[in-house]
Each structure stands twice: as structure tokens, then as C-alpha cells.
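The values are calculated or read from the model by the stated rules, or taken from the named source; none is laboratory data. In this text, all values refer to a predicted model and were calculated from it rather than measured experimentally. All Cβ positions, glycine included, derive from the backbone under ideal geometry; neighbour counts span all protein chains shown.
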Amino acid sequence: MQQVEPHSQPRPAEAPPRTASGDPPLSRSPLRRALFRLRRNRLAMLGFWTLVLLYGSAVFADFLAPYHYASSARKKAYHPPMITWLRVSDGSGLRWPYLTNSTYEFDVNQRKVYRSTPGATYPIGFFVKGDSYRLLGLFETRVHLFGLRGLEAVDPDDPNRPMLFLLGADNFGRDVLSRLLYGGRISLSVGLIGVAITFVLGMLVGGASGYFGGRVDIAIQRLCEMLMLIPGFYLLLSLRAAIPANWSSFQTYVAIIAILSFIGWAGLARTIRGLVLSIASMDYVASARAMGVPDRLVIVRHVLPNTLSYAIVSATMSIPGYILGESGLSLLGLGIQDPEASWGNMLALSMDIAQIKFHPWILIPGALIFVTVMAFNYLGDGLRDAFDPRGVQGK
Amino acid sequence: MLTVARRFRRGLSLLTFGLLIIGCGGMAFSQGNSGDALLERLKQNATEFRYEVGKPGGSLTHSTISGPKTFNLAISTETSSTEILGYLFEGLTESSWLTSQMQGNLAERWETSEDGLVWTFYLRQGIKWSDGAPFTADDVVFTFQRIIYNDDIPASARPGLTIRYLDEATQEWQRGQIAVAKIDDHAVRFTLPVPFAPFLRTIGTPIYPKHILAKHVDDGSFTSTWDVGTDPGEIIGTGPFTIARYDVGERIVLRKNPHYWKTDDAGNALPYLDQVVYLVVQDIAAAVLKFQAGETDILGVTGDQYPVLKPEEAAKNFTLHRQGPNFGTTFLAFNQNRGKNPDNDRAFVEPAKLKWFTNRDFRRVVAHSVDKDSIIDNVMNGLGYPQWAAISPAAGPFHNPDVTKYAYDLKRANDLLDGLGWFDLDGDGFREDDEGNTLSFTLATNSGNDVREKVCTLLKQDLAKVGIQANTRFMEFNSLVSQLVSTYDWEAIVIGFTGGVEPHGAINLWHSSERLHLWYPLQEAPATPWEAAINDLFVRGSREMNEAKRYAIYHEFQQVASDNLPVVYTALAERITAVRNNYGNVTPTLYGLYDVRYLYVR
């Protein structure tokens, strides 16, 4: 039987590699063996599938979300989640779940209280028409996975139009669920793209530094140290301040990724350099050089692949840093700016204790950041265990 | 990360970008506002209020987001310092917290000549500085001649005490000063170059001790005197309190001044309180928590916090006092600066954009896109008032309720743009002007100010619906101010100004020659006829001594301003203060909640 094990421990001896479940024989490549071990780590797989789910929902955000991220009904600010507002009975019998419109009034404590207003009913529907978008950037459509039906007579600009807020509304009367889905696109992709840039930079610079040594090494390492000396968050803030005011939100988004990557590569370059220093002294590297293989090829073919297992683990573990970095910037109002959604700027609402008390659903983006970071950490831990050569030597 | 966020907020909130708050009397309140019942009640409170004879002792604890930056009131410009030092210094006159009428303070009474140019103030006998030295006319003359009108000292009171007038002989604009002369130890004469209506209010500026400060003015060290490093015991004033201690970043303790001159009706010494304490807290949320925990006795409350505190009133023994619309305004302005940067000869504003910004119809489009109801309900939690006129309804009869109003009407805004002939021809969702430039500009405000950020976001959404692209930009307050007053390279901005009862205080925003005339500052001659008209109205308003005629002048000014829309107003927040119930002599009025000298613990 398989067992969940403490994820950071080297894995003990495994059963002989020829069972019905298709365990690979020891002769398989190290990568295959690692993947095999990874698949047997339940926590890591939980993290992996969570991430698949999150990234998948971000890719299909515009289809899954009932509304566009900026779509609002201003007279429905902080509308509570509607899961409990759905009705399934109209007095005479069971009906498909439906909503009626709702309006607020201020109570004696000047708190907004929403009440459903009798009148027209709006049933929940699947594959309903709503805000138009381009699915996967390819073709234009208005079909959303779910939403309200019966809106034919409703003015789309009415500030009190009926909307479906499964997870509640934010301070401008926008659907939190839709914004979470759209926000995931930014918050989740920042990590992936940022890490990709960092790793290309870090591996190449670190590889060159370790392989060539000497003055090149000294120059590059001092540069890295200078970058690492500056406290990360303040460097982030000052770089952010350098972005021109009139940049569009997409340009700002790209700039934020660039800034985050710029801050991140130095540490990686140092570690890679250390690895490369030891690899470069291996016999096979020496023989490759002796055979006249150009330096460029030696680095790319023989040296860097041996740092890859470290790099993959490290990349996975550092993605949460980017997600948190973007969230932090957006939380301070320096990242993605309203009305564009990111989990960070959505969370900025909850910087006010009063709002959390009355509208706890504004904390959901924080929960999602938490889940994402945990998932990456579990996956990263699993990868580290899987790539750990001691897992093999332990036999 | 949160700590950084807090520091940001703290840094921003202590800056005020404001006008001198000077005010003038008059109480009849304008109608036409949703809060009429509240305003009536506040007025009634003021007329019915009588001081109770209190008992000495006790203390009052405030919270503040930042401690004072200087103890030198004469040159301080931010409220964290002026609020504390206001307990230490007094003027010849003061504004009543009940009626906002001017009444004697250091001066017992005054006389004025027929033509209104010569004023004689008779000082109260027996007033002492907090170190025991007598207060005399020499101190008054010293304050005006050596501090306020001293060009080497950036005295914050100087602009308000500088009088603008047209010299009849040369037809040139003059900036006059008030001549101050000592008659005897307890009488001072002020001579004005021309009649000046806000005189009685501006003359309430704090008076400083000659026997302490004269030597610092003489040796040129005045601006570095009385900084926060000074032993607080050396800060000498005539006011009801002195600074007992200042623990930077922790607390400021103010102690009763034993030499204070004022007594209550029964002849007991004032103030009643022994101490006033200011606790320095991290941010607004911490201030609320301290108040809820009973560590502070008084708290300024925002609309968002009102529903949190309201249910706790009885259990925690306090009352939330609603005090009507604030004087401070939040507005949107467009850069209409026609000038060029002398360094690189580039226009401050791109010519295409300048063409839109100087177009009145364009500004009307924007005015029709401001959703004041949503701002009030969603940003101020329903505790706010729409603002249409340049002068807040809080300013009483000066407020003009009948100015041109631009209702939130996106259809009207669209029609206006169609009328200008600007359509979206390339199908990107945004209109282009005659020359094919996409209508797109940067809308900036300071980060950390919740209300302004949300106003920007709402406006951005609405402008997008009419085909105008506004890129919101939330920047650090200091860089925002530097764009406004030195580099002039902004496009549109949402910012606020403080205000007061006296409309003349706003001259440094409205007069075209002023540095804070945001949309085109420091003009040699007014660029537009309506700016010339506003200049003229402000100068006439300051010279008109007949109250009714003054009201008419300022009503006309508000009409001109609303017709031409150099600034588009948003909404005024309600002033709300929470105070513990165990304090006596407290009642909410339009102008205040109590006089600290009469405040006592029941």
C-alpha cells in the first residue's frame, strides 16, 4: 500500500520496480523515476491538481464567470453572497432555483440591509447570454456557463439591475466570483511568466559565471550581490514609481512582471553558479572540452541540464513569491489598478477592519492566494523529494 | 508588507493641502439639501446651548495618526502640528464654536472708524504667558511686524493678511499690509490700506511671546526655533494648555496652564480639565480599536465606520454626533495651463489635450459623468451630501444653492460629445477629436485616500461609457503636489481642499495670479474672461462691508464657477465625531462640538 509520508524526507526503499501499476524499472531515465515518485506523493498531487484547477479556471475565466470583471450594478454594493438567496419554491410547489431583485436601505445603524423585492423572477440558467468576450482570444461569443435568465426587460445600465452574486458583491457592486476568475489570470500568470524570465536569466548568467570563473565570475557575482543588497520590497516600490503615468493596464502588468523578475534573478544566478562550479570540474565536462566542443554547447548541453532538477524545484517554490509580490503591490494600489481585477487589489478592500466585519466575503481572494501558495509549496516539496538522488541511493 | 501599507497611509494622512481657514459670521442656512432636518437641529443646538458650571480635574484622550512635526506654530503648515499648538496659542479674536461669530479673546473689545480702515483693539487686563510674564500690546505688534510680515519667515498667516487692491491712481494691483501700532500697553491700532471684510476673522491669528522669540527673530534663527527637539516646557503661549511631554511616536500630554486668564460664570478658573492627551496610533483602524477599547475618549468617524460604532453607543457609553457637511471639498480639475516649460520649451500640457481641457463642453461632459449618488452611498456609506457650488453648504448664507447643476446623465454627456463632432471612428470604444487623437487622459490622485481613489474608479467607468479613456494613477501625495505646484505636467486630478466659513479664504485657489490656482497658476493676466470675472468678484467680495451685498457677490462667483467648470465637485462627507458621554458642555453644532476650556468630566 502507498502511504503519505512526510514530504521533505528522502524516500525510503521502494518496492522492486515491476508491479502491476507499471512501476518503471531502474533502467528508466532519472526524470521518469522522479515523475513516478512524484505521482505517489499524495500531497504533491493534491497541490498539482489544485493548480490545474486554478489555472484552468483562469484560462476559461470569461466563460466560467457570469459577468465581465468591470460589470457592475452600483446600487448593489457589498451585496451578500446569494447562495442562500436562491429560492426553489413559489408557494405552490418546487421550482428551478430563481432569484428576485433586491434593494438596500440603511438601517438605524446606517448599515446597508438588502431585501429581496417581490416581482419579476430570474431563474438560474446554464449557457446564458451575457457580456460579450472572445473565447480563448479566438471567436466572439456571449455565452457564459451560468447566469440569470429572464433579463430581456432589464436595462443593462440600470444601477439596480438584478445580478447573480454567488460569492457576494464588492464595494462597487461587481460580482466577486467573476472578479476572482479574471483576477486569477493576472495573479497566477505573473508567477509563471515571472519565473520563466528569472530562470532564463538566472541560469544563463549563473551558468556563465560558474563555467568561466575568473573576472567574469567576480564581475557577475558582485552585480548580483548589489541587487540582493537592496531590500526587495523597497526596490519593487522604487522601480514601480519609474513607470510612466499614462501606461495602459496591460503595459503596467508587463512592467510589474519585469520588475518582479528583475528582483528575483540574482539569488538564483548565485546558486546555479555554485552548482556549475562543481559540475564543471567533472570528468565528462573536461572530456567534452578536450574534444573541442564549444563553450556555449558545453554549458547548454552538459552543464545546465544537470542543474535542472534543482532549477525546477526552485522555480516551483519561488512562484508563490511572485504571486505575493504582485498581490502586495496591488494591495498598496501600485500594481494592477481598478477596474482590472487581481487578487491583490481585490484584497485591498479588506484593509479596513470595519469592512471585514460586515462583508467577510471580501477575504476570499486572500484565501485563494493562500491555497495557491500552499499548492505550489506542496508540489515543490514533492518535486524536491522526487528529484532527490538519495531516494535512489537509499537502496 | 502591511507595515509598509500602514506607513504609507500614515505618511499621507498627515499632509493637508489646504487653504487658510479663515471664516466669517452669519448663520441663516440655505435650504435644498437632504440633511435639512439635521441642519435645523444643529442650529437649534447652538441657540439653546448654555454653559454648565463644571468641576475641575480629569482628562480627555484623543488619538492622532501623527504627532507634531514642529512646535513653531507660525511656520507650521500641516494639521498634526497646528492641532496640538492650537491649545497653546490664542488670537485677539476667536470664532465661536456655536455660531461662528467672531468674539473677543485676547482682546476684550474693539472700535472701528467710520470708513472701516482703522481698528483699535483693547486687550484684556491681567493676561499672563504660561511662564508668568505679562501679555501686552508689545507682543501683538511683535507678532505682526516681526513675524507675520517678515519676508525672511515663511509665516503661514501672511497670505491671509495680505490685502489685494487696485491702486486708483496708477491702475495697478497692489498687495497691501496691515499697519500695526501700539497705543499703550493694552491697546493696539490696526490701519488697513482699503476696507477688508474678512479683517475681524483674519485678525484672530495666534499671538507669540516677544520676550521669548524676539532674540531668535533678531539673529535669524526663528525658523529653526521651537522644533520638536525643544524641551516642551519652553513653548510659551497664552492658551489654556501647555505641553507637558512629547514622546515621539507615542503620546503628547498637554497640561492645564495655571496662569490661564479665563473664568467661568461662577468665577472658577478655566480650563476644567487637567490634561489633554493625544495618543499616536498606526492608522485609522487602530484609532477606532483604541476608541472601542476605551483608551481614547473622542474619535473622528468616517461613514464606513459609523455602522461599526453605532450599535456600541449604549454599551460603551458614547454618542456619535453628526455635524452636517464638511467644509473640505473633493473635486476634479483639468490642467488648462497654456504655458511652456522654460527649460525644454515643451508645453506643460500636450496641445491636443489642452484643446479638450480648455473646452467648456468637454468639462461639462465630465461633470455629467460624476455619479454623486454612488459616491455618497458606496464611498461615504450614505453619510454625505452632493456638492454643486464652490462654497460648501456648511458656510451658511455664502453658499449658493441655485448654481448650475450637472446631473449624472451619461446620455446627455454622449449627446454633448456628439455635438462636438468627436466620434469613435476606429472602433476601439473611445472617441477621437477632430484631428484623430483618441480622447484619453491620465486621472491622478494620491494613493491612500480611499474616497478619492474610489471617485476616480467610478469616474473612469462612467467616462468609458461615453467614449473617453481615463487612465487612473494613484501616486504618492508629495509627488502629486509637486506636479501641481512646480512641474505642471499633470492632466486631470482628483484632489481636495480644506475650507472654512469665510469664502475669502479660497482666494488662493480662485485668483488667477495665485500659486494654488491649480488649472493655470501664476497667470500675469487672466487667460479667460470668466477667470477675470472671478478675480474681480473675489477682490470686490473682500472689500464689501455690507453682509447682504457680500453674499450676493459670492453667489455670483459660484454661478460663474459652475457655468465654466474649472473644477467639477463631487460630494461632501458628513462630519461625525464620537465622544464619551461623561463629558459635560458638549453639543454638536455646525462649527464644533465643545470649547475645550469648558469641557469637564461629570
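The rows are residues; the columns are (1) touching a strand residue (DSSP E or B) at 6+ places or on another chain (Cβ under 6 Å); (2) modelled with pLDDT of 90 or more.
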position	(1), (2)
B:Thr205	no, yes
B:Leu213	no, yes
B:Thr223	no, no
B:Ile236	no, yes
B:Phe241	yes, yes
B:Asp247	no, yes
B:Val253	yes, yes
B:Trp261	no, yes
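In region B:214-229, the qualifying residues are those that are over 17 Å from B:Ser80 (Cα atoms) and under 28 Å from the mean Cα position of the chain (by Cα), and the one that is surrounded by the fewest Cβ atoms within 10 Å (Cβ to Cβ) is B:Ser224. Residues in region B:437-457 that are at pLDDT below 85 and assigned to a loop (DSSP other than H, G, I, E, B): B:Ser447, B:Gly448, B:Asn449. When you look at A:Leu204, is it over 22 Å from the mean Cα position of the chain (by Cα), in a helix (DSSP H, G or I) and over 30 Å from A:Arg296 (Cα atoms), yes or no? The answer is no for A:Leu204. For region B:497-506, does any single residue satisfy the condition of being under 30 Å from B:Glu78 (Cβ atoms), buried (at least 18 other Cβ atoms within 10 Å of the Cβ) and within 12 Å of chain A (Cβ to nearest Cβ)? For region B:497-506, residues under 30 Å from B:Glu78 (Cβ atoms), buried (at least 18 other Cβ atoms within 10 Å of the Cβ) and within 12 Å of chain A (Cβ to nearest Cβ): absent. Residues in region B:404-426 include none that are touching a strand residue (DSSP E or B) at 6+ places or on another chain (Cβ under 6 Å), at pLDDT 90 or above and surrounded by 16 or more Cβ atoms within 10 Å (Cβ to Cβ).
Find the strands (runs of 3 or more DSSP E) located wholly in region A:87-181 whose residues include 1 or more that are assigned by TED's automatic domain parsing to the domain that holds A:Lys75 and out of contact with any strand residue (DSSP E or B) (no Cβ under 9 Å at 6 or more places or on another chain), and list them. Steps first, answer last, please.
Numbers: elements: A:87-89, A:94-106, A:112-135, A:139-148.
Per the criteria, A:139-148.
Find the helices (runs of 4 or more DSSP H) located wholly in region A:288-395 whose residues include 2 or more that are at pLDDT 85 or above, more than 14 Å from chain B (Cβ to nearest Cβ) and over 22 Å from A:Ile197 (Cα atoms), and list them. Write out each step before concluding.
Numbers: elements: A:308-331, A:343-347, A:353-358, A:364-387, A:390-393.
The helices (runs of 4 or more DSSP H) meeting that bar are A:364-387.
Being modelled with pLDDT of 90 or more, in a helix (DSSP H, G or I) and closer than 18 Å to A:Asp175 by Cβ is a condition met by no residue of region A:44-53. Taking region A:203-238 as the search range and keeping residues that are touching a residue at least 24 places away in the same chain (Cβ under 8 Å) and within 14 Å of chain B (Cβ to nearest Cβ), which one is farthest from A:Ala280 (Cα to Cα)? Residue satisfying both the conditions and the ranking: A:Leu237.
Among the residues of region B:247-264, the ones that are under 21 Å from B:Gly126 (Cα atoms) and of a type in the set (Asp, Glu) come to 1 in all.
When you scan region B:99-150, how many residues do you find that are under 28 Å from the mean Cα position of the chain (by Cα), assigned to a loop (DSSP other than H, G, I, E, B) and closer than 18 Å to B:His186 by Cβ? Looking only at that region, the number is 2. Considering only residues in region B:295-315 that are modelled with pLDDT of 90 or more and in a loop (DSSP other than H, G, I, E, B), the one that is nearest to the other protein chains (Cβ to nearest Cβ) turns out to be B:Glu313. Looking only at region A:233-286, residues that are within 20 Å of the chain's Cα centre (by Cα), of a type in the set (Gly, Ala, Ser) and under 30 Å from B:Val349 (Cβ atoms) come to 3 in all.
Every test in (1) in a loop (DSSP other than H, G, I, E, B); (2) modelled with pLDDT of 90 or more; (3) crowded, with 22+ Cβ neighbours inside 10 Å is passed by B:Pro401 save one, and that test is (3). Mind checking whether some residue in region B:390-397 is assigned to a loop (DSSP other than H, G, I, E, B), within 14 Å of chain A (Cβ to nearest Cβ), buried (at least 19 other Cβ atoms within 10 Å of the Cβ) and under 32 Å from the mean Cα position of the chain (by Cα)? Checked region B:390-397: no residue is assigned to a loop (DSSP other than H, G, I, E, B), within 14 Å of chain A (Cβ to nearest Cβ), buried (at least 19 other Cβ atoms within 10 Å of the Cβ) and under 32 Å from the mean Cα position of the chain (by Cα). When A:Gly184, A:Gly147, A:Gly173, A:Gly119 are checked against the criterion of being within 22 Å of the chain's Cα centre (by Cα) and either in contact (Cβ under 8 Å) with a residue 12 or more places away in the chain or more than 23 Å from B:Lys454 (Cα to Cα) (or both), A:Gly184 stands alone in meeting it.
Got a sec? Which of B:Leu289, B:Leu332 is within 13 Å of chain A (Cβ to nearest Cβ), under 31 Å from the mean Cα position of the chain (by Cα) and either outside any loop (DSSP other than H, G, I, E, B) or surrounded by fewer than 19 Cβ atoms within 10 Å (Cβ to Cβ) (or both)? I'd like the intermediate steps shown before the answer.
Details: B:Leu332 fails: within 13 Å of chain A (Cβ to nearest Cβ).
So the residue among B:Leu289, B:Leu332 that is within 13 Å of chain A (Cβ to nearest Cβ), under 31 Å from the mean Cα position of the chain (by Cα) and either outside any loop (DSSP other than H, G, I, E, B) or surrounded by fewer than 19 Cβ atoms within 10 Å (Cβ to Cβ) (or both) is B:Leu289.
When we screen B:Ile153, B:Ile163 for residues that are more than 19 Å from B:Thr120 (Cα to Cα) and buried (at least 17 other Cβ atoms within 10 Å of the Cβ), the only hit is B:Ile153. Of the residues making up region B:474-491, those that are within 18 Å of B:Val451 (Cβ to Cβ) and within 11 Å of chain A (Cβ to nearest Cβ) number 4. The residues on offer are B:Asp424, B:Asp428, B:Asp434, B:Asp415, and the sole one that is more than 10 Å from chain A (Cβ to nearest Cβ), on the phi < 0 side of the Ramachandran plot and either of a type in the set (Lys, Arg) or assigned to a helix (DSSP H, G or I) (or both) is B:Asp415.
Please find, among A:Val285, A:Val298, A:Val276, the residue that is of a type in the set (A, V, I, L, M), under 22 Å from A:Gly264 (Cβ atoms) and assigned by TED's automatic domain parsing to the domain that holds A:Gly202.
Numbers: A:Val285 fails: under 22 Å from A:Gly264 (Cβ atoms); A:Val298 fails: under 22 Å from A:Gly264 (Cβ atoms).
That would be A:Val276, the only listed residue that is of a type in the set (A, V, I, L, M), under 22 Å from A:Gly264 (Cβ atoms) and assigned by TED's automatic domain parsing to the domain that holds A:Gly202.
crowded, with 20+ Cβ neighbours inside 10 Å, within 14 Å of chain A (Cβ to nearest Cβ) and in a helix (DSSP H, G or I), is that true of B:Lys460? Spelling it out, B:Lys460 is indeed crowded, with 20+ Cβ neighbours inside 10 Å, within 14 Å of chain A (Cβ to nearest Cβ) and in a helix (DSSP H, G or I).
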